[in-house]
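Q: Okay, here's the structure, questions in a sec.
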Amino acid sequence: MSAINKHGRKRGDARGERIDVRKTYKLYIGGAFPRSESGHSYAVADRTGTFVANAALASRKDARDAVLAARKAFGGWSGRTAYNRGQVLYRIAEVMEDRRPQFVQAVVQSEGVSVDAAEGVVDEAVDRLVWYAGWADKVAQVVGGANPVAGPFFNLSSPEPTGVVAVLAPQESSLLGLVSAVAPVVVTGNTAVVVSSYERPLPAVTFAEVLATSDVPAGVVNILTGSAATIGPWLAAHMDVNAIDLVGVAGDAALATDLEVAAADNLKRVRRAPATEPDWSADPGLEPMTAFLEVKTVWHPIGV
Amino acid sequence: MSSTSTVPAAPSGDAGVYADVTRSESALRRFLHGLPGVDQVGAEARAAALGTRSIKTTAKEHALDLAVRMVDLTTLEGQDTPGKVRALASKAMRPDPADPSCPQVAAVCVYPDLVATAKQTLGSSGVHVASVATSFPSGRAALEVKLADTRAAVAAGADEVDMVIDRGAFLAGHVQQVFDEIVATKQACARTDGPDAHLKVIFETGELQTYDNVRRVSWLAMLAGADFIKTSTGKVQPAATLPVTLVMLEAVRDFREATGRMIGVKPAGGIRTAKDAIKYLVMVNEVAGPDWLDPEWFRFGASTLLNDLLMQRTKMRTGRYSGPDYFTLD
Amino acid sequence: MPDIFEYAPAPESRGIVDIKPSYGLFIGGDFVEGHGTSFKTVNPATEEVLAEVAEADAADVDAAVAAARAAYDSVWSRMPGRERAKYLFRIARILQERGRELAVLESIDNGKPIKESRDVDVPTAAAHFFYYAGWADKLEHAGLGRRQDGSVPRPLGVAGQVIPWNFPLLMLAWKIAPALACGNTVVLKPAETTPLTALLFAEICQQADLPPGVVNIVTGAGATGQALVAHPDVDKVAFTGSTEVGKAIARAVAGTSKKVTLELGGKAANIVFDDAPIDQAVEGVVNGIFFNQGHVCCAGSRLLVQESVAEEFLARLKRRMGTLRVGDPLDKNTDIGAINSAEQLAKIRELSAIGEAEGAGRWSPACDLPATGYWFPPTIFTGVSQAHRIAREEIFGPVLSVLTFRTPAEAVEKANNTPFGLSAGVWTEKGSRILFMADRLRAGVVWANTFNKFDPASPFGGYQESGYGREGGRHGLEGYLR
């Protein structure tokens, strides 16, 4: 046993062992932190099996509320200038960097990796946010453009965000994977309803706290701690959700297929589940963003 | 001489220079649609740029006093009672009991059935009584009803009448009907035993939505005989905004240029702070011109604005930030 | 017009800036002495001397280029784009944080109104750094293809950059941000009448912990600029300034492998049709020529107004000019500040006198100009034709030449009848006509129903003698990569 306890005090200090104030892990919906309307929670353990906290267990009604919040936020968020969205994402990175020790601890706890490895994960996650922040005011230039049609017409194609996107966040990569799934959705103006990793929800909750203090408007990102298998179907079938990312059910082909079938009811844009989670440190490319973009093409005659 | 969409110059004095325009609905519509368009982004940018003017010290004192004198202190609620109106009228005459140097407001604005109460309280103080009329705020009633509403207000002694146009008719393109209703309401403001009531015409710009519409309806109202053009009832969001008022100020400026006749402007609703009010005064100054910087030609339709003006006046006098407890809540 | 509503002075406080009595050069991450003849920079509104500034002689320029080369070879070219990006993001943030200080300093050194330096120059400069920071690690997506070996486009090396006095900090941002984002290192020479914000920028580079030598600032005049442009170890030359000097540079780099971009003068036509949104068009014309005292390469210095509305338009224009406030740049209500230098004032006066002599009608609103400092009232010349010198030569001051036209084709013809080709404005409510005109106007930037709009995402640059290359946008990367 160390001579210094985890609070930095010498054991045997006359003040005795300090009892810490433990955090309650709640949902993040519409910019606020409610408990699940179901009143349910579930026990979250660290990689050694030790109890860490009871996280809120999101219900279908929480998912419904989150979709409402995301829809409400969409007009304002997509209406902001790309520059502004880029600034907000960069701000998230700033605040995350500032909270680095907390995130390192969350990753160690959730993923059971060493502190060094966790530092590397946090580095990547912050850099990933910065990378996406820089895309906000460039996507249109790379994906859009003038089209040389055969007639006296001005013709311009521009990408637009599709709307409310459901994201079943990766089960294993609870911070880097989470950031890599959420950032490309919102940087272009979509709003998101995210179901975090079931067994590793705590980095997502800390991430929600960062969002709440980083000038991100309420409802742009909503985070539900809970089960992708339970909540996923409700989101996949929701007629006011425009797209869904199924990476959180990677490896469960049957469930992924069911969700894709449900999504077809309103022809959601579906980002299919891979067989296994990808290497999150690889260059994401454009596809995570373009999967959730529509292309609008406008014509106008040219003449006196 | 220019013969295109912009305003033709005319010899001074006579609004009858537009007699041919108002002779038929098609002529009126062609004229209104021939007015120059308003670019939304440009108009909003100009309004915002004028909002960056910094008004300090003596200029600010002068502006605050002027703004107080331009307030039409308003109560237009279903729950208004004679007691409420008496309290409002007292405040109109003596806005700041702690400072007798504070000027009176321009007018009190109430529903027609409370005009008599207001008049009684205000006596010969010089504060006017403005009454809304024509089935305010919606304007959705038969013309006879709207005119009877107007006559009642005039009979009760209103110095000014704030009417609403029929927005449905305007948006459906029945410009002649809108025009005729203004003319009829103006006639209903006439008195044989005293000066005619002045007519303010409310557009409800929030429902008209485009600046082009605001320009057209401004010209329509001025041609029909409005004494004042007014943005809003205050019951619909958005109410008055700087860019909408900018377009209206340009209209009255152009109208005087063309006919020699001056028309007043009243933004109403949503002007809550002294800072906002000063922005409007700057805009009046630089767009229509200093001739309009007078309660006879510019008014604020407001209720909470007055207390903020008083607080700012107090700060300029004492150097200290004040609080709501030092001003009356009515 | 007499002001019954006098606004009262509303001065921005000078207390926030700390101008040193003298400044050295910024080389290799430190301030060092220059070996040329130091010179003074002056506040053009008061003629007060602000500071003594070092002149970089040929040896100093050599040292700066060497520092840039060393930083390129050992640090910057090896650094992954994502790390370079973060330096640029830091700089962008500090520009925002020190925004007021930079704006006040810019107004004092340049003469432009604080309203403009605060609301336009500084925020746009910060935005350029934000924008280009994001490209640093995305060059494979810039649409420039790949190199022969399949790799992502590479930086050129050391860039020598010479900027003018009209938007000192903003021009610095336009040059440095893309250069650094692409992996180049820079040696930048600010104009001799406006060095102070560049020198404050050097401090900001230090605050951002930018590796030494990545940015070097060498102050001086024409000789310093020439030495920099001609230096054999400079791979890229970027210049913004007069067409005359631009041509000299093009000659100087001939036969070398230096890549060059030039952003030069203009004589833009601001074209108003009879169906223009007339009040906004008046604003656009006023903004086009009086913003920044007309010291703008893309200024709308020729008003081409359709003859059928000319009289009406001019009446409104004159009335609007009557509300322009000329005076102390640090007063928040000033619209038009001081002319940047005695030299520039003399040029403006000379060309205006020529305009009068050529028979154009000269008009300015009544203005109370201060007794000291360099001032010129907003001025229009009516009855101008293409044959007048004031219709052809860039005045670079608050002077508008007014011509008329009858048809769209004639407007195009007159607008294009110039060796310049930087920008143009079109005012009409008819969409197809906007596009028709935009199609035919030989100008790198066409503003329709607006004017003088700048954004880091939007490419800017001219045709013909207004220069070549583009700054801003994805296209702005091209000049700094191979």
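Q: In region B:295-306, which residues are surrounded by fewer than 22 Cβ atoms within 10 Å (Cβ to Cβ) and in contact with a helix residue (DSSP H, G or I) (Cβ under 8 Å, 6 or more places away or on another chain)?
A: Those that are surrounded by fewer than 22 Cβ atoms within 10 Å (Cβ to Cβ) and in contact with a helix residue (DSSP H, G or I) (Cβ under 8 Å, 6 or more places away or on another chain): B:Pro295, B:Trp297.
Q: Identify, please: which residue in region C:412-454 is away from chain A (no Cβ under 14 Å) and among the hydroxyl-bearing types (Ser, Thr, Tyr) and is, among those, farthest from C:Gly284 (Cα to Cα)?
A: The residue in question is C:Thr418.
Q: Check whether at least one residue in region B:88-103 is more than 14 Å from chain C (Cβ to nearest Cβ), in a loop (DSSP other than H, G, I, E, B) and of a type in the set (Lys, Arg), and report yes or no. Walk me through how you get there before you give the answer.
A: Taking region B:88-103 and keeping what is more than 14 Å from chain C (Cβ to nearest Cβ), we get B:88-103.
Checking the rest, the ones that are also in a loop (DSSP other than H, G, I, E, B) come to B:94-103.
Now narrow it down to the ones that are of a type in the set (Lys, Arg): B:94.
Yes, region B:88-103 contains a residue that is more than 14 Å from chain C (Cβ to nearest Cβ), in a loop (DSSP other than H, G, I, E, B) and of a type in the set (Lys, Arg).
Q: So, one more: Considering only residues that are assigned to a strand (DSSP E or B) and touching a residue at least 60 places away in the same chain (Cβ under 8 Å), look in region A:46-60 and name the one that is farthest from A:Gln105 (Cα to Cα). I'd like the intermediate steps shown before the answer.
A: Here is the first cut: in region A:46-60, the residues assigned to a strand (DSSP E or B) are A:51-56.
Applying the additional criterion that residues be touching a residue at least 60 places away in the same chain (Cβ under 8 Å) yields A:52-53, A:55-56.
On the way: A:Val52: 12, A:Ala53: 14, A:Ala55: 17, A:Ala56: 20 Å.
Checked region A:46-60; the qualifying residue farthest from A:Gln105 (Cα to Cα) is A:Ala56.
Q: Which pairs turn up if I take residues in region C:217-229 that are farther than 13 Å from C:Ala64 by Cβ and look for partners that are assigned to a loop (DSSP other than H, G, I, E, B) with beta carbon separation below 6 Å, at least 6 apart in sequence or on another chain?
A: From region C:217-229, the pairs are C:Ala221/C:Glu192.
Q: Which is within 11 Å of another protein chain (Cβ to nearest Cβ) and either part of a helix (DSSP H, G or I) or in contact (Cβ under 8 Å) with a residue 60 or more places away in the chain (or both), of C:Asp119, C:Asp137, C:Asp62?
A: Values: C:Asp137 fails: either part of a helix (DSSP H, G or I) or in contact (Cβ under 8 Å) with a residue 60 or more places away in the chain (or both); C:Asp62 fails: within 11 Å of another protein chain (Cβ to nearest Cβ).
Unique residue meeting the criteria: C:Asp119.
Q: Only helices (runs of 4 or more DSSP H) wholly contained in region A:139-217 count here; list those with 3 or more residues that are touching an Asp or Glu at 6+ places or on another chain (Cβ under 8 Å).
A: Numbers: elements: A:139-143, A:176-187, A:202-212.
Where helices (runs of 4 or more DSSP H) fall fully within region A:139-217 and carry at least 3 residues being touching an Asp or Glu at 6+ places or on another chain (Cβ under 8 Å), they are A:176-187.
Q: Within region C:455-479, work out how many residues are more than 14 Å from chain A (Cβ to nearest Cβ) and either part of a loop (DSSP other than H, G, I, E, B) or among the basic types (Lys, Arg) (or both). Working first, answer last.
A: Residues of region C:455-479 more than 14 Å from chain A (Cβ to nearest Cβ): C:460-469, C:471, C:479.
So of that shortlist, the ones also either part of a loop (DSSP other than H, G, I, E, B) or among the basic types (Lys, Arg) (or both) come out as C:461-463, C:469.
Summing the residues that are more than 14 Å from chain A (Cβ to nearest Cβ) and either part of a loop (DSSP other than H, G, I, E, B) or among the basic types (Lys, Arg) (or both) in region C:455-479 gives 4.
Q: Which residues, taken from region B:41-56, are within 9 Å of chain C (Cβ to nearest Cβ) and touching a residue at least 24 places away in the same chain (Cβ under 8 Å)?
A: Just the residues of region B:41-56 that are within 9 Å of chain C (Cβ to nearest Cβ), to begin with: B:41-43, B:45-46, B:49, B:52-56.
Listed by number, the residues that qualify are B:Ala43, B:Arg46, B:Arg53, B:Ile55.
Q: Okay, next question. Identify all residues within region B:57-85 that are within 9 Å of chain C (Cβ to nearest Cβ) and surrounded by 22 or more Cβ atoms within 10 Å (Cβ to Cβ); write none if there are none.
A: B:Ala59, B:Ala63
Q: Restricting the search to region C:259-298, which residues are touching a Leu at 6+ places or on another chain (Cβ under 9 Å), farther than 14 Å from C:Leu403 by Cβ and away from every other protein chain (no Cβ under 13 Å)?
A: If the condition is that a residue be touching a Leu at 6+ places or on another chain (Cβ under 9 Å), farther than 14 Å from C:Leu403 by Cβ and away from every other protein chain (no Cβ under 13 Å), then C:Lys259, C:Glu263, C:Leu264, C:Gly265, C:Gly266, C:Gly294, C:Cys297, C:Cys298 are the ones that fit.
Q: Hey, another quick one. Determine whether region C:81-100 contains at least one residue that is within 14 Å of chain A (Cβ to nearest Cβ), assigned to a helix (DSSP H, G or I), within 17 Å of the chain's Cα centre (by Cα) and on the phi < 0 side of the Ramachandran plot.
A: Checking region C:81-100: not a single residue is within 14 Å of chain A (Cβ to nearest Cβ), assigned to a helix (DSSP H, G or I), within 17 Å of the chain's Cα centre (by Cα) and on the phi < 0 side of the Ramachandran plot.
Q: Across region A:157-170, what is the number of residues that are surrounded by fewer than 20 Cβ atoms within 10 Å (Cβ to Cβ) and more than 17 Å from A:Asp137 (Cα to Cα)?
A: So the answer is 0.
Q: Scanning region A:286-304 for residues that are more than 18 Å from the chain's Cα centre (by Cα) and more than 14 Å from every other protein chain (Cβ to nearest Cβ), which turns out surrounded by the most Cβ atoms within 10 Å (Cβ to Cβ)? Working first, answer last.
A: Initial filter on region A:286-304 (more than 18 Å from the chain's Cα centre (by Cα)): A:294-304.
Then keep just the ones that are more than 14 Å from every other protein chain (Cβ to nearest Cβ); that gives A:294-297.
Details: A:Glu294: 14, A:Val295: 11, A:Lys296: 11, A:Thr297: 11.
Taking the candidates together, the pick is A:Glu294.
Q: Of everything in region A:125-168 that's among the acidic types (Asp, Glu) and within 10 Å of chain C (Cβ to nearest Cβ), which residue is farthest from A:Gly189 (Cα to Cα)?
A: Looking only at region A:125-168, we keep the residues that are among the acidic types (Asp, Glu), and these are A:127, A:137, A:160.
Imposing the further condition that a residue be within 10 Å of chain C (Cβ to nearest Cβ) reduces the set to A:127, A:137.
Working: A:Asp127: 20, A:Asp137: 11 Å.
Looking at the filtered set, the residue picked out is A:Asp127.
Q: Right, here's the next one. Are there any pairs, at least 6 apart or on different chains, whose C-beta atoms fall under 9 Å, with the first in region C:308-328 and facing chain B (nearest Cβ under 10 Å) and surrounded by 22 or more Cβ atoms within 10 Å (Cβ to Cβ) and the second at pLDDT below 95 and part of a helix (DSSP H, G or I), and if so, which?
A: none
Q: If you scan region C:5-58, which residues turn out to be within 14 Å of another protein chain (Cβ to nearest Cβ) and either out of contact with any helix residue (DSSP H, G or I) (no Cβ under 9 Å at 6 or more places or on another chain) or surrounded by 13 or more Cβ atoms within 10 Å (Cβ to Cβ) (or both)?
A: Taking region C:5-58 and keeping what is within 14 Å of another protein chain (Cβ to nearest Cβ), we get C:5-13.
Within region C:5-58, C:Phe5, C:Tyr7, C:Ala8, C:Pro9, C:Ala10, C:Pro11, C:Glu12 qualify.
Q: Across region B:85-112, which residue is nearest to B:Asp325 (Cα to Cα) among those that are touching a residue at least 40 places away in the same chain (Cβ under 8 Å) and among the charged types (D, E, K, R)?
A: Within region B:85-112, the match that is nearest to B:Asp325 (Cα to Cα) is B:Asp96.
Q: Answer yes if at least one residue in region A:278-285 is in contact (Cβ under 8 Å) with a residue 24 or more places away in the chain and within 14 Å of chain C (Cβ to nearest Cβ), and no otherwise.
A: Yes: one or more hits.
Q: I'm told C:Thr124 meets every condition in (1) under 17 Å from C:Pro168 (Cα atoms); (2) within 14 Å of chain A (Cβ to nearest Cβ); (3) touching a strand residue (DSSP E or B) at 6+ places or on another chain (Cβ under 8 Å) except one. Can you identify the failing condition by its number?
A: Result: C:Thr124 passes all but (3).
The values are calculated or read from the model by the stated rules, or taken from the named source; none is laboratory data. Please read these numbers as outputs of a predicted model, since none were measured by experiment. Note that each Cβ is placed from the backbone with ideal geometry, even for glycine, and that neighbours are counted across all protein chains shown.
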